[in-house]
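Here is the structure we will look at, set down as C-alpha cells.
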Amino acid sequence: MPMSSYIESIRTRIGNDFLLLPGVTAVIRDGEQFLLARHAHSGLWSLIGGGVEPGEEPSDAVAREVFEETGARIQINAIIGAYGGEPMMVTYPNGDQVGYMTIAYECELLSNAAPDLDEIIELGWFHRDTILTLPRRHWIDRVIHDSPVRAQQDTE
C-alpha cells in the first residue's frame, strides 16, 4: 500500500528524519497456530498490521489493515498489549526512519484470507515455537509471548 497522504505531507517537510507513528497489530490465531505475513519490502515474516490514520479508531484501523492485506474480515476479542521502543524502529529502503508504537489485538478470522500481493508475498500459519526459527521482525516475539496460551479442550 502506498504511503498515506498524511505521512506523505509530513515527509515533504521533514524528509527521511525520524517519525514516531501509531500502529495496530492483529494477532490472529487458530489454536496455537498464528497467522503471519511475509512482507514484500523486507522478505521478513511479521504479524499483520499497519498505521492508524488521523481520526481513525485503533480497532477500526486493525480491521481495515487486515482486510487490505488479506481480504479477510476479523472479530476483535481483546487487547494483548501496547509495544514500542528500539525493537519497533525501522529504516526503510528509501531512507525513511520510523518508530512505531503499536496496540496488539487478539483477533479471529471471520472469512478466508489471501495475501495482497503488492504488500504481502505469502501468508502462513505457524506454531509459536516455529516462529522463532523464521526470518522475522523480532518485536513480534514479545507480542506472541504475551498472547495467552490456550488450554487444550477435552474431547469426549
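Since every read-out is calculated from the coordinates, none of them should be taken as a lab result. Predicted model only: the values in this text are computed from it and were never measured. No Cβ is skipped: glycine too gets one built from the backbone with ideal geometry, and neighbour counts run over all protein chains shown.
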*Going out from 0 in 5 Å bins, what whole percent of all Cα-Cα distances in the range 44-98 drops into each bin?*
4, 14, 21, 26, 21, 11, 3, 0
*Only one of the values [x] 20; [y] 16; [z] 40 was calculated from this structure for percent of Cα pairs over 27 Å apart; name its label.*
[x]
*Rg/Rh for the range 1-72: what does it come to with C-alpha atoms and Rh from Kirkwood?*
1.01
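Taking the DSSP beta bridges in the chain as the whole, what percent of them are antiparallel, to the nearest 5?
Of all bridge pairs located within the chain, approximately 70 percent are antiparallel.
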*May I ask for the distance between the Cα centers of the range 79-131 and the range 1-78, given as a whole number of Å?*
7 Å
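Where the only charges are on Cβ atoms (+1 Lys, Arg; -1 Asp, Glu), what is the dipole of the chain about its Cα centre, to the nearest 20 debye?
It works out to roughly 340 debye.
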_5 Å is the cut-off here: which amide hydrogens, built 1.01 Å from N in the peptide plane, fall below it relative to Arg73, excluding neighbours closer than 5 in sequence?_
Leu110, Ser111
*Each residue of the range 98-106 in turn: what ³J(HN,Hα) in whole Hz from Karplus with 6.51, -1.76, 1.60 and θ = phi - 60°, glycine and Pro shown as x?*
9, x, 9, 10, 10, 9, 9, 10, 7
*Before anything else, pin down the relative contact order of the range 1-99: Cα pairs under 8 Å, at least 6 apart, normalised by residue count, whole percent.*
29 percent
*Name the long-range amide H neighbours of Gly23: under 5 Å, sequence gap of 5 or more, or other chain; modelled H, no Pro or chain starts.*
Val52, Met101, Thr102, Ile103
*Which listed residue (His39, Ala26, Ile14) has the Cα farthest towards the positive end of the charge dipole for the chain, taking +1 on Lys and Arg C-beta and -1 on Asp and Glu C-beta about the Cα centre?*
Ile14
